[in-house]
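The structure under discussion appears below in the form of structure tokens.
What follows draws every value from the coordinates through simple rules; no lab data is involved. Owing to the predicted nature of the structure, the values given are computational and were not obtained by experimental measurement. All Cβ positions, even for glycine, are placed from backbone atoms using ideal geometry, and neighbour counts span all protein chains on display.
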Amino acid sequence: MAPDTILNIAELRSTVARWRAAGEKVAFVPTMGALHDGHLSLVLLARAEGARVIVSIFVNPLQFGPTEDFARYPRTLKDDVEKLKIVGADVVFAPAAAEIYPIGFQTSVINKKMSHGLCGKFRPGHFDGVLTVVLKLLNIVSPDLALFGKKDYQQWRLIERMALDLELPLEIRGCDTVREKDGLAMSSRNRYMSAEEREESTLIYKGLSAARAAWQGGERSRGKLLAAFSDSISRCPRMTIQYAEIVDCFSLEPAIGQVADKNLVMIVAVLFGDVRLIDNLEF
Ligand code: PAF
């Protein structure tokens, strides 16, 4: 059965209230649409919990910088609904911007620490926009469980932190990154790449895997582990590393000198012209 598409907050809330009255569990997968197997895997995980599943599709203007790809971000609602039908989502919540940010809207969620490094350094304000919309969506949907892909590792950890700091009564779950056969992490932005760039993009996962293999082989020098990644990227001269860091997987504090023996994640962002790809691997 095709999921119901709901456009307004009141209708979404009354649907959830009906489910709650019947004692059902509610799971939520927030997205910006242009769905791929990574998103669909979150829906399947939610269904495996026996929950009703709501997927939001909202390209959130607040999380895009003035020179970023808000205008060209793919909007593919019809296709998305077809895909969600196959995996069995119950509801697609696809509000207009004015529903989420009506005239007079002026409140934000600001993270004061973990949002400053990694992607946050290059996308000022991005995570405040993410946290603001996610908190709003969570307040609208009031799920028991919300699922996020670990591909956006910093985003996931920030949302988890927000839920702790603000006492949100739900489980935030980070779920494994879904990859193409050649290792590229699935992303709605992968479609921006030319065929040649798509081929070269596999160097990102190869580089991360080389670093992890070195770590598994006993290497603990941060410099050498980062070099294992950059050696891979340097095989494509058109690709530049925006950042590559090895951080504590909970606090996202960078490792210095020698890295720790556990709880590490390598997080990277790579640029090809104006295409920006992020990825990470837990060690
Ligand atoms: O990861 C995304 O698609 C977005 O950042 C999210 C969590 C849906 C908030 O707009």
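Quick one: check the C-alpha center-to-center distance for segment 10-60 versus segment 210-283, whole angstrom.
33 Å
Apply the Debye scattering formula to segment 173-227, with a single equal point scatterer on each alpha-carbon and no solvent, then give log10 I(q)/I(0) at q = 0.18, 0.20, 0.24 Å⁻¹.
-0.73, -0.82, -0.94
What does the charge dipole of the chain about its Cα centre add up to, to the nearest 20 debye, if the Cβ of each Lys and Arg holds +1 and the Cβ of each Asp and Glu holds -1?
Its charge dipole is roughly 140 debye.
Could you tell me the largest-minus-smallest coordinate of the C-alpha atoms of segment 95-242 on each of the three principal axes, in descending order and whole angstroms?
Each principal axis gives a Cα extent; for segment 95-242 these are 50, 36, 27 Å.
Please compute the Kirkwood hydrodynamic radius of the chain from all pairs of different C-alpha atoms, in Å with one decimal.
Averaging 1/r across every pair of different Cα atoms and inverting gives 19.8 Å.
Looking only at segment 37-69, which residues have a backbone nitrogen under 18 Å from a spot 7 Å from the Cα of Glu180 in the C-beta direction?
37-41
For segment 1-87, with only Lys/Arg (+1) and Asp/Glu (-1) charged at the beta-carbon, what is the dipole magnitude about the Cα centre, in debye rounded to 20?
Approximately 280 debye in magnitude.
Please arrange Asp248, Asp80, Asp279 by how many other C-beta atoms lie within 10 Å of their C-beta, fewest to most.
Result, fewest neighbours first: Asp248, Asp279, Asp80.
Hey, what angle do you get for helix 222-233 against the long axis of the chain, alpha-carbon based, 0 to 90 degrees rounded to 10?
80 degrees
Could you let me know the centre-to-centre spacing of segment 100-115 and segment 167-209, using Cα atoms, in angstrom?
Between the Cα centres of segment 100-115 and segment 167-209 lies a distance of 27 Å.
Just want the ordering: Leu35, Leu135, from fewest to most Cβ atoms lying within 10 Å of their own Cβ.
Ascending Cβ contact count within 10 Å gives the list Leu135, Leu35.
Rounded to the nearest 0.05, what FRET efficiency do Arg191 and Arg238 have when you use their Cβ-Cβ distance and R0 = 25 Å?
E(calc), rounded to 0.05, equals 0.85.
Using square roots of five times the C-alpha gyration tensor eigenvalues, list the equivalent-ellipsoid semi-axes of segment 1-144 in whole Å, biggest first.
26, 17, 15
Note the angle between two axes, namely the Cα long axis of helix 153-165 and the longest principal axis of the Cα atoms of the chain, as a number of degrees from 0 to 90, rounded to the nearest 10.
In the chain, helix 153-165 runs at an angle near 50 degrees to the longest axis.
Any chance you could give the angle, 0 to 90 degrees and rounded to 10, that helix 9-21 forms with the longest Cα principal axis of the chain?
The helix 9-21 is inclined about 80 degrees to the chain.
Identify all lysines with a Cα-Cα distance to Lys112 below 29 Å; exclude those on the same chain that are fewer than 8 residues away in sequence.
Lys121, Lys136, Lys150, Lys151, Lys262
May I have the convex hull volume per residue, in Å³, for the Cα set of segment 1-57?
Taking the convex hull of the Cα positions in segment 1-57, it is 87 Å³ per residue.
Helix-derived [θ] at 222 nm for the chain: sum -39500 (n - 2.57) over DSSP H runs of at least 4, divide by residue count, nearest 500?
-11000 deg cm²/dmol
With charges only on Cβ, +1 for K and R and -1 for D and E, what is the dipole size of segment 134-218 about its Cα centre, in debye, rounded to 20?
Roughly 80 debye for segment 134-218.
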